[in-house]
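Down below is the structure, laid out as structure tokens.
The numbers here are math on the coordinates, done by the rules we state, and not lab data. Keep in mind that this is a model prediction, so the values were computed, not measured. Every residue, glycine among them, receives a Cβ derived from its backbone with ideal geometry; neighbour counts consider all protein chains shown.
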Amino acid sequence: MPVEVEAGKTYYWCTCGRSEKQPFCDGAHSRDGTDLVPMKWEAPETKTVYFCACKQTKNEPLCDGSHGAL
Ligand code: FES
């Protein structure tokens, strides 16, 4: 999922897949009683990055192309 991020800004990537505000956490992991927590990520520079939406990436929280093998 392409997102324009800002240098130094912190983002919370959803790891549970239940957020309605993908790719970011909306608290659903807690409401649904999972043991999962969001991943904190700070943007190193201002640019468009591609967050993983399938949650299978090995380069969390960014896309590594793993969705292509699903
Ligand atoms: S809603 Fe998925 S990690 Fe918070």
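Checking every one of the trypsin sites (Lys or Arg not before Pro) in the chain against DSSP loop status and a limit of 14 other Cβ atoms within 10 Å picks out Lys9, Lys21, Lys58.
Charge dipole (Cα centre; +1 on Lys/Arg Cβ, -1 on Asp/Glu Cβ; no other charges) of segment 2-69 amounts to roughly 100 debye.
Here, P(r) means the percent of Cα pairs in each 10 Å bin from 0 to the largest distance; for segment 1-55 it is 26, 51, 20, 2. Note on the chain: with a GNM built from Cα contacts shorter than 10 Å, the maximum mean-square fluctuation among Cys54, Cys25, Cys14 falls on Cys54.
Of the GluC sites (Glu not before Pro) found in segment 7-70, the ones in coil according to DSSP and having at most 11 other Cβ atoms within 10 Å of their Cβ are Glu20, Glu45.
Under the shape rule built on the C-alpha gyration tensor, where the axes satisfy a ≥ b ≥ c, segment 25-70 is oblate, since a/c reaches at least 1.5 while a/b does not exceed b/c.
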